[in-house]
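The values are calculated or read from the model by the stated rules, or taken from the named source; none is laboratory data. Here the structure is a predicted model, which means the values were calculated and not measured. Cβ sites come from the backbone with ideal geometry, for glycine too, and all protein chains shown count toward neighbours.
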Amino acid sequence: MSEERSGTEMHSGQFRLLGQRRFAPLFFTQFLGAFNDIAGLGFETRAIHAVQVPDPSTGAVVTPLFLTSTFAQSAPGVHQGYEYSRSHNPTRGAYETCVANLEGARFGFAFASGCVGATTVMHLLSSGDHVVCCDDMYGGTLRLFERIFRKLGISFDYLDLSEPEALKGAIRPNTKLLWLESPTNPLMKLVDIRALSEIAHASGMKVMVDNIFMSPYFQRPLELGADMVLHSSTKYINGHSDLIGGVVITYDVELANDLRFTANAIGGVQATLDAWLCLRSLKTLAVRMQAHERNAAAVASYLESHPRVKRVMYPGLPSHPQHALARRQMTGFGGMLAMELDGDLEGAKRFLSATCIFTLAESLGGVESLIEHPAIMTHASVPKAVREKTRYRRWPHPCQRWHRDVRRSHRGSGRGARSDLIK
Ligand SMILES: Cc1ncc(COP(=O)(O)O)c(C=O)c1O
């Protein structure tokens, strides 16, 4: 982890060098569309400069907002690369390329919401196809699969994939897609994206990872072998709780061609103003994620030692059963955490209605802190029986944790364990 951080510092150094010597040629090559020239630069630099060049006609440093539905043609079929904003829009295009670049990919497709992004991906499948999913996932995605796509002849299996080998037993000849969330919403379960991608690819399946909880700043599933990434840009990507959006990202040319066709045919593309706001927000994604993580680590650490809290689920805590995997496949632990109070539902409701600063509301990833009760709010559409089944089975019993903590403090490493949180 610390190596990742020093990588960031190294890139700030490159930024200075860029300022002294390479600025003009860099922009020139970007003009020509060769954005690979910036591929070696740091995340923060790419968030600000990938595909974002001064406007050639005015010199404006911020990508212009092209609020237009259509584009003039000089003769039928003769245009400057843009015909109609459902198909292409230069502002949305700049955002799509920039966010794809941050995920280490080439192709991005911005949608009106995360759910529309998921819908468009699912329309790449045909009736009779089978999808394997992780068992804990956002309630809206489960609703989309069970209430919409099952009717269209697509079948789904939901598995605890914390042991990657579990996937092998679920693959059928018609299994086309593996749908993962890591960490999951709401239980903060992780899956080994690299191991699962290898198993899926050996059977000719494609792998989609809902990367919403980490953002490309802390996790890049395509680098771990996945084929597509989904973000609800409503969350960290935009980060200001003022719009709804989604984006699907891939490096695979064939998938990109299919997504481009399907996105245009369905038409659920992101509004140009919202795409412009997302592009604006990408510039601060890194600093926002760092702050989110600092805050979440402090809150998780405090809650874990609180007598009225039964358990805290945060991948940055050494008590998280998949903390080692988190350290391996993520470069940070993010700003989301879940906790179980030692009490009943009424007590939980009282707690949720009494918080200060933390607003009781659905969503995440904005600059303000939110708190919610998934079963009553975001995951109300998940049947109770399914919720009960997807509890975190591998979670150590609180007594085991207590014994381990005592052992740790006897060894004098208790403080080290805490500083793990902050890396
Ligand atoms: C993990 C996850 N995936 C997908 C979505 C859907 O995104 P949207 O609300 O932008 O449609 C959400 C929304 O909360 C989510 O948390």
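Going by the conditions given, is Ala118 away from the ligand (no atom under 16 Å from the Cβ), of a type in the set (A, V, I, L, M) and under 23 Å from Ser203 (Cβ atoms)?
Spelling it out, it is not the case that Ala118 is away from the ligand (no atom under 16 Å from the Cβ), of a type in the set (A, V, I, L, M) and under 23 Å from Ser203 (Cβ atoms).
Say we look at the range 128-158 and pick out the residues that are within 16 Å of the ligand (Cβ to nearest atom) and part of a strand (DSSP E or B); which of these is nearest to Ile171 (Cα to Cα)?
If we take residues in the range 128-158 being within 16 Å of the ligand (Cβ to nearest atom) and part of a strand (DSSP E or B), then Val131 is nearest to Ile171 (Cα to Cα).
Does the range 227-245 contain at least one residue that is within 20 Å of Ala291 (Cβ to Cβ), of a type in the set (A, V, I, L, M, F, W, C) and either at pLDDT 95 or above or outside any strand (DSSP E or B) (or both)?
yes
Out of the residues in the range 95-133 that are surrounded by fewer than 21 Cβ atoms within 10 Å (Cβ to Cβ) and of a type in the set (D, E, K, R), state the one that is nearest to Ser155 (Cα to Cα).
Here the residue is Asp129.
Counting only residues that are touching a residue at least 60 places away in the same chain (Cβ under 8 Å), more than 10 Å from the ligand (Cβ to nearest atom) and either closer than 25 Å to Leu125 by Cα or touching a Lys or Arg at 6+ places or on another chain (Cβ under 6 Å) (or both), how many does the range 222-246 have?
Result for the range 222-246: 6.
Here are Ser69, Ser113: which of them is of a type in the set (Gly, Ala, Ser) and more than 16 Å from the ligand (Cβ to nearest atom)?
It is Ser69.
Considering the range 232-243 alone, what residues qualify as being surrounded by 24 or more Cβ atoms within 10 Å (Cβ to Cβ) and either hydroxyl-bearing (Ser, Thr, Tyr) or out of contact with any helix residue (DSSP H, G or I) (no Cβ under 7 Å at 6 or more places or on another chain) (or both)?
Scanning the range 232-243 gives Ser232, Ser233, Thr234, Tyr236.
So which residues in the range 325-345 are in contact with a helix residue (DSSP H, G or I) (Cβ under 8 Å, 6 or more places away or on another chain) and not in a loop (DSSP other than H, G, I, E, B), if there are any at all?
Gln329, Met339, Leu341
Exactly one condition in (1) under 20 Å from the mean Cα position of the chain (by Cα); (2) part of a helix (DSSP H, G or I) is not met by Gly316; state its number.
(2)
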